[in-house]
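Contents: one structure, followed by commentary.
The values are calculated or read from the model by the stated rules, or taken from the named source; none is laboratory data. Remember, predicted model here, so these are calculated numbers, not experimental data. A quick note on method: Cβ atoms are made from the backbone with ideal geometry, for glycine too, and the neighbour counts reach across all protein chains shown.
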Amino acid sequence: MQGDNGLYPAEKQKKKRSALRVALISVGCVAAAAVVFFAGFFTYRLTLDDGLKSLLWFKDRIQDEYYKEISDEDFWQAAIDGVENILDDYSCYYSADEYDAVLNSDRGIKDGVGLSFFSNTNMVYKVAVGSPAFYAESESGERAEAGMFLTGVGESADSVKDTFTAAAVSEALGGAGSGDTLFLRLSKTAANDTQNCVLLSVEYETYTESYVLYATAAHTYALVFDDNAENGTWQLVGDGMEELSAGEAYIRLVQFEGNAAEEFGRAAEQYKEDGCDTLLLDLRNNGGGSLSVLRGIAAYLLKDADKGSPLMYAGEEGDRAVYSLKDDLYADYFASSKIYAAGNSNTASASEALLGAMLCYNTLEYEDIYLVKAGGGADDPARTYGKGIMQTTYYNPLTGEAAKLTTARIYWPDGTTCIQGRGITSDDGAHRIDAATNADYGDPALSAILADIAAQ
């Protein structure tokens, strides 16, 4: 968890560090100090544990005898990579530069055009609210949407090159810098389509992502941070959703990061101002985030909880940390409301913890949850991801580096339920909605969910 004990998304990426600052590198500095202050390098070596002695001996032999040159940076990078390989997929080391990027990302500050893609594809799963891609329009008035495929990128409309693979997308977008104008070719139908596409002109820039989108039949709002201002403004960002009826509202919560708690609070105010009595909370493709943000949002959504009620437990009985609600705002905004929730196999971590708390405090019954099943057999239940463990991030103030490590299992407020490896499933009583993917263009899964709610 990052500083405030955060819950993190299901996936992590391990990348080559260009400026590795590892604790092990400092061994050389410590050795030099030992020569001066502790009567020599030999005395210093004797103070090391056997494993580190062996590693340093191995390093010396490689750098003295190996037929190819191995730099200090390459050696220590390999050592760190080797240690990471024995950890789970959620634990990793961050260099100082990487950790700075993580902190900026957690605050919602991003560099780019604002498109996110499903792993190893060119299929868009998210267009970040507030990003260049969110505002871009084609000549015919079309915009980028989840479910589209980025099939080409160019510096001009006439120089668009194919990006049919994830590697091609990464290369095309990764080569851009701040202020560059890019032309994006987006298809609604296929990963290699070049004919029936939307062409958008966007500028690669720094932006602040908004994580909450609020909609009714009449309007769509978000708390927008123009020019990366610290304080956002509640702005109309689109027309209403035609599939919503009078009194119904929709909130899409993309991630538990940045200003999401503040944004959700503003959405709750709008819900109250609009006089709504039915809410669909969409957590599809929300992989989690920070515990502090989760606590801020949960304060609005737990019907039978009070300030100080447990939101979740971390660890086993006898050695448990209790994370409690900081406030109880449900009655102020959602009294007498009917609340539904949507999720899918990418709904993970903090999202699952929130759903669990909403179930435990009677905001939801399982039958109020809609789970989208992308592909698979008819006998396979729809489910959320199933991440019931938490990570803690340990920061080294001397070097700026950090280590994120899995530290505990997470339990719902009932004290016994941990969904690690299982998730919430349609076998529990949640509705199953079948779909081709987790972000079909036009979002027919959302249409099916809203139709079912309207029929009740």
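Observations on the structure shown:
- Matching residues, segment 232-255, being of a type outside the set (A, V, I, L, M, F, W, C) and under 22 Å from the mean Cα position of the chain (by Cα): Gly232, Tyr250, Arg252, Gln255
- Looking only at segment 394-432, and only at residues there that are in contact with a Gly (Cβ under 6 Å, 6 or more places away or on another chain) and not charged (D, E, K, R), the one that is surrounded by the fewest Cβ atoms within 10 Å (Cβ to Cβ): Gly421
- Test result for Asp239, out of contact with any His (no Cβ under 8 Å at 6 or more places or on another chain) and not hydroxyl-bearing (Ser, Thr, Tyr): no
- When segment 186-233 is filtered for residues that are assigned to a loop (DSSP other than H, G, I, E, B), in contact with a helix residue (DSSP H, G or I) (Cβ under 7 Å, 6 or more places away or on another chain) and surrounded by fewer than 17 Cβ atoms within 10 Å (Cβ to Cβ), nothing remains.
- Residue list for segment 110-155, restricted to those being surrounded by fewer than 19 Cβ atoms within 10 Å (Cβ to Cβ), under 30 Å from Gly400 (Cβ atoms) and in contact with a Leu (Cβ under 9 Å, 6 or more places away or on another chain): Phe117
- Top-ranked residue of segment 342-372 - restricted to ones that are touching a helix residue (DSSP H, G or I) at 6+ places or on another chain (Cβ under 6 Å) and under 19 Å from Arg432 (Cβ atoms), ranked as surrounded by the fewest Cβ atoms within 10 Å (Cβ to Cβ): Tyr366
- Within this structure, Asp282 passes the test of being closer than 28 Å to Lys373 by Cβ and of a type in the set (Asp, Glu).
- Filter result for Gly296 (under 17 Å from Leu223 (Cβ atoms), at pLDDT below 95 and not β-branched (Val, Ile, Thr)): no
- The one condition in (1) modelled with pLDDT of 85 or more; (2) surrounded by fewer than 17 Cβ atoms within 10 Å (Cβ to Cβ); (3) among the basic types (Lys, Arg) that Lys15 fails to fulfil: (1)
- Among the criteria (1) of a type in the set (D, E, K, R); (2) without any contact (Cβ under 8 Å) to a residue 60 or more places away in the chain; (3) in contact with a Phe, Trp or Tyr (Cβ under 8 Å, 6 or more places away or on another chain), the one Asp239 does not fulfil is (3).
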